[in-house]
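Report on the structure given below.
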Amino acid sequence: MADTTLQEIGADKTLLLVDDDEPFLRRLAKAMEKRGFEVETAGSVEIGKAIATARTPAYAVVDLR
């Protein structure tokens, strides 16, 4: 499998992470920031919707359960 770089993904590297597991959310955000993403986090779907409405991210990872 080829390694996809952020340059290949696109110029907009904004990422919204939504999860109610705060320790996991912090670890994932840190890992994605190391990979060049501009990360915003939300502890609930409602907060995530508000963030996405204010500034639409290029990517989002949402834990719905």
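Just to be sure, is T14 hydroxyl-bearing (S, T, Y) and either open to solvent by 90 Å² or more (accessible area, probe 1.4 Å) or modelled with pLDDT under 95 (or both)? Steps first, please.
Working: hydroxyl-bearing (S, T, Y): yes; either open to solvent by 90 Å² or more (accessible area, probe 1.4 Å) or modelled with pLDDT under 95 (or both): no.
For T14, the condition - hydroxyl-bearing (S, T, Y) and either open to solvent by 90 Å² or more (accessible area, probe 1.4 Å) or modelled with pLDDT under 95 (or both) - is not met.
Say whether the condition of being assigned to a loop (DSSP other than H, G, I, E, B) and either more than 14 Å from the chain's Cα centre (by Cα) or modelled with pLDDT under 95 (or both) is met by at least one residue in the range 22-32. No - not one qualifying residue is present in the range 22-32.
Take the conditions (1) modelled with pLDDT of 95 or more; (2) of a type in the set (D, E); (3) open to solvent by 70 Å² or more (accessible area, probe 1.4 Å); E8 misses just one of them, which is (1).
Residues that are under 12 Å from the mean Cα position of the chain (by Cα) and acidic (D, E) within the range 34-61 comprise E38, E40, listed in sequence order.
The values are calculated or read from the model by the stated rules, or taken from the named source; none is laboratory data. All of these numbers come straight from a predicted model, not from anything done at the bench. Note: accessible area is taken over every heavy atom of the protein model, side chains too, but ligands, DNA and RNA are not part of it. Shrake-Rupley method; radii C 1.70, N 1.55, O 1.52, S 1.80 Å.
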